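Data block below; observations after.
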Amino acid sequence: MALRVYNTLTRQKEPFQTVHPGKVGMYVCGPTVYKPSHVGHMVGPVIFDTVKRYLSYLGYQVTFVVNITDIDDKIIAEAARQKRDWKELAESVTADYLENLKQLGVTTIDHFPRATEHIADIQRIIQGLIDKGYAYAVDGDVYFSVPKDEDYGKLCNRDPEQLEAGARIEVSDKKRNPGDFALWKAAKPGEPKWDGPWGPGRPGWHIECSAMSMKLLGPTLDIHGGGLDLQFPHHENELAQSESYSGLPFVRFWMHNGLMKIRSQSRKIRADDAAGDDGLQKMSKSLGNEIVVREVLKKHSPEVLRFLLLSTHYRSPIEYSEERLGELKRGLDSFHRFFERYQRITGESFYQLPAPSRRGAFEPGGTHADFLAEVGRHRDAFLDCMDDDFNTGGAIGALYELLNTLNRFADAHQLESGAPAASAVADFRRGTMVLRELSQILGLFREPPAAPSAGQDRLVAGLVQLLIDLRAEARKAKNFAIADQIRQRLAELNITLEDRPGGTGWRLG
RNA sequence: GGCCCCUUAGCCAAGUGGUAAGGCAGCGGAUUGCAAAUCCGCCAUUCCCCGGUUCGAAUCCGGGAGGGGCCUCCA
């Protein structure tokens, strides 16, 4: 199957085609940096990081750009509130954002352009729009003239005439039409400003994305991504100004990810008796229900959070809850346990396994052809899901089936006990390599999970081993009362023992 | 008022015309001295409701109910 991608512009899945064969320019709207990121801000980066991983796996050379909007009304307002320098605020929030991305394994972004570093590019586009008659300057402001753009509204199916009916549009007597939006805003006294042909001021909200994306990726992007809530007005306006400026199609594929939701306290109470009201709301600052990423990572591993974001199709809304995270951790743990098992069997770390970085054919062969053929079927299922508009939820299902196949093979061939056939271990390794290959596409299992602090403590490890040895003696002597007491008391300390063919192991949790 | 989207088991979730993946939880079994881990089996005759198209629909069309997003800043 060939890759198909859902395009918001046409509202259907289309065969993926790029402007330049083999190359992909991908731009995703990043944050306006005035407050620490909440988990909703991670959805896009994780999704599009996975998109890039998969496109690279398919052989595309992908340039991935995420902008940082570091000048905006909200930044100015928040800095004033905190009595802080706006620039310093923007920088510290940016650092928080970048650290969160790193934690979540979002490692494929090539450029993080800042709006303040592209003022000249922004001004050039604004001037171009004025020259072409799409924009007009008034008292130091510059506005985009919506009626001049015949196909304005095509992304969101919006009729400019009806924008007036909304009545929620910012009133301004400077605008010629209610739907017109600012490209350049004149600075009020004390506000940050850059000199420009229309007077000192700063860029409007949408223009920085047009300027930076076209500068880094050319006039036509292959993929433009962002949250569903950015469709209008942000992307609609970006589209309008970019195409009016360049005269070329701005984006091949518009991709929008679903929003993070959270069960709100106030409605949860009602939901208990009111059937049908699930009490879910979008996570947002205005509703005061945001969960800051930094806080989440104090309690949960970043891998669980990433797993959550990939467990649902990217266009669907996704609920954030502690229960769900716990549930997913249990699922993830079964993979981690397998990796330890793999190491016991082969003496090799799963995380060191080589895996093809490019998609190729999987040739079963081997001594245990049925087993490898089954591995191949799961691999095909995984890749078919990814080909179908990056269906990560379905792909994860295939990953679980692959895990089951591998465990079953290890059981059936008693790889952990006695002296297993070398051919069985070799085929087992080949099968496991496929799990490594596929999980890398999702950015999962890149490194061993961080052991809880107690697990790294040599004293603790020594003491637990001592008790395991004593228990082994007791078991040998058939003194099960003592043996069980040791296990029970350890369990109370959150230490679980596992008696395996090769000896007893332990883990926290 | 306008524009979009969603509704699959206790929960999460894949599935866009061919007879319901997967996970969590639960239950039964193998294994174990007993557990844990792993494995096996069970767990939606049915996909919000009502019509229609079709040999055949969770999937297409029409209507209804419920939920959500956008139209103002939002990932």
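The values are calculated or read from the model by the stated rules, or taken from the named source; none is laboratory data. Everything numeric in this text was worked out from a predicted model, so none of it was measured. Cβ placement follows ideal geometry from the backbone for every residue including glycine, while neighbour counts extend to all protein chains displayed. When the accessible area is computed, the model is the full protein with side chains, heavy atoms only, and any ligands, DNA or RNA have been set aside. Shrake-Rupley method; radii C 1.70, N 1.55, O 1.52, S 1.80 Å.
Give the residue, chosen from A:425, A:460, A:464, A:434, that is closer than 30 Å to residue A:47 by Cα and among the β-branched types (Val, Ile, Thr). Answer to the selection: A:434.
Conditions tested, residue by residue: (1) of a type outside the set (D, E, K, R); (2) modelled with pLDDT of 95 or more; (3) in a helix (DSSP H, G or I).
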| position | (1), (2), (3) |
| --- | --- |
| A:224 | yes, yes, no |
| A:240 | yes, yes, yes |
| A:254 | yes, yes, no |
| A:266 | yes, no, yes |
| A:270 | no, no, yes |
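Among residues of region A:283-312 that are within 25 Å of residue A:397 (Cα to Cα) and within 14 Å of RNA strand B (Cβ to nearest atom), those with a beta-carbon under 8 Å from a residue that is of a type in the set (D, E, K, R) and open to solvent by 10 Å² or more (accessible area, probe 1.4 Å) at least six positions away or on a different chain give the pairs A:304/A:329; A:308/A:324. For region A:112-124, the criterion of being more than 16 Å from RNA strand B (Cβ to nearest atom) and touching an Asp or Glu at 6+ places or on another chain (Cβ under 8 Å) is met by at least one residue.
Restricting the first residue to region A:382-399 and requiring it to be on the phi > 0 side of the Ramachandran plot, which pairs with a second residue that is more than 9 Å from RNA strand B (Cβ to nearest atom) meet a Cβ separation below 8 Å and a spacing of at least six or different chains? Close Cβ pairs satisfying both conditions: A:389/A:4; A:389/A:5; A:390/A:5; A:390/A:47; A:390/A:50; A:390/A:51; A:390/A:54.
Here residue A:96 meets the list (1) within 14 Å of RNA strand B (Cβ to nearest atom); (2) among the acidic types (Asp, Glu); (3) without any contact (Cβ under 8 Å) to a residue 40 or more places away in the chain almost entirely, failing just condition (3). Counting only residues that are open to solvent by 20 Å² or more (accessible area, probe 1.4 Å) and either within 7 Å of RNA strand B (Cβ to nearest atom) or touching a helix residue (DSSP H, G or I) at 6+ places or on another chain (Cβ under 9 Å) (or both), region A:342-356 holds 9 of them. If the condition is being within 8 Å of RNA strand B (Cβ to nearest atom), open to solvent by 40 Å² or more (accessible area, probe 1.4 Å) and under 16 Å from residue A:290 (Cβ atoms), then region A:313-336 contributes A:317, A:319. The residues in region A:469-487 that are within 10 Å of RNA strand B (Cβ to nearest atom), surrounded by 11 or more Cβ atoms within 10 Å (Cβ to Cβ) and not basic (Lys, Arg) can be counted, and the count is 9.
Under 6 Å between Cβ atoms, at least 6 apart or on separate chains: pull out the pairs that start in region A:359-379 with a residue that is touching a residue at least 12 places away in the same chain (Cβ under 8 Å) and end on any residue that is among the hydrophobic types (A, V, I, L, M, F, W, C) and open to solvent by 50 Å² or more (accessible area, probe 1.4 Å). So the pair list comes out as A:359/A:58. Within the option set A:398, A:426, being within 11 Å of RNA strand B (Cβ to nearest atom) and modelled with pLDDT of 95 or more holds for one residue only, A:398. Each residue in region A:49-77 was checked for being near RNA strand B (Cβ under 10 Å from one of its atoms) and not aliphatic (A, V, I, L, M), and 5 of them qualify. Checking the stated criteria, residue A:339 turns out not to satisfy the condition of being at pLDDT 95 or above, under 30 Å from residue A:315 (Cα atoms) and either surrounded by 13 or more Cβ atoms within 10 Å (Cβ to Cβ) or among the charged types (D, E, K, R) (or both). Which of the residues spanning region A:4-23 are under 22 Å from residue A:228 (Cα atoms), in contact (Cβ under 8 Å) with a residue 24 or more places away in the chain and out of contact with any Lys or Arg (no Cβ under 8 Å at 6 or more places or on another chain)? The answer is A:8, and nothing else.
May I ask you to say which residue of A:27, A:6 is over 20 Å from residue A:284 (Cα atoms) and within 10 Å of RNA strand B (Cβ to nearest atom)?
Exactly one residue qualifies, and that residue is A:6.
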